[in-house]
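One structure is given here, and the rest of the page talks about it.
The values are calculated or read from the model by the stated rules, or taken from the named source; none is laboratory data. All figures in this text were calculated on a predicted structure; none of them were measured in a lab. Here the Cβ positions follow ideal geometry from the backbone for every residue, glycine too, while neighbour counts run over all protein chains shown.
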Amino acid sequence: MVTITVHEDCGNAPKKLFLKDFLVAAVSNDSAFVARNTTDDIRWNLVGGRCISGKQDVLTELRRSRSDEVAELIIKTIVTHGYNGAADGFLKFKDGKTVAFCDVYQFRASTNNAPIKAITTYAIALA
């Protein structure tokens, strides 16, 4: 089970709540939630690594990289505006490693229920 810590200011708007739920789903291996809320042609750019295209490949990478090994998700900030959003925080892994991350999201539309069509992830291992 993943421990979730979210700073209070991360939930006062529909898109902020959506991104919080998306991050929780990603680390909790809730592939059904992720699949429902992403476009078929989603792109996930792991800066300094690789770019993954297509819903199935993104789901596979999420399962591989963030599933059973994550012990805690700490979300510090979520910002949204129109077609874009961003979230930053920390992933703490069961082996003691901590990764600071910032995800930048692009939505298909500016509406509150628009699916995610692109994610750019900046991640730095801290320990």
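General remarks:
Here is a yes/no grid of residues against (1) at pLDDT 95 or above; (2) of a type in the set (Val, Ile, Thr); (3) in a strand (DSSP E or B); (4) surrounded by fewer than 17 Cβ atoms within 10 Å (Cβ to Cβ):
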position: Ile75; (1), (2), (3), (4): yes, yes, yes, no
position: Gly85; (1), (2), (3), (4): yes, no, yes, no
position: Asp95; (1), (2), (3), (4): no, no, no, yes
position: Tyr105; (1), (2), (3), (4): yes, no, yes, no
position: Asn113; (1), (2), (3), (4): no, no, no, yes
position: Ile119; (1), (2), (3), (4): yes, yes, yes, no
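- When each of Thr39, Thr5 is tested for being among the hydroxyl-bearing types (Ser, Thr, Tyr) and either surrounded by 15 or more Cβ atoms within 10 Å (Cβ to Cβ) or in a helix (DSSP H, G or I) (or both), the lone residue that passes is Thr39.
- Residue count for region 19-50 under the criterion of being closer than 16 Å to Cys102 by Cα and not charged (D, E, K, R): the result is 12.
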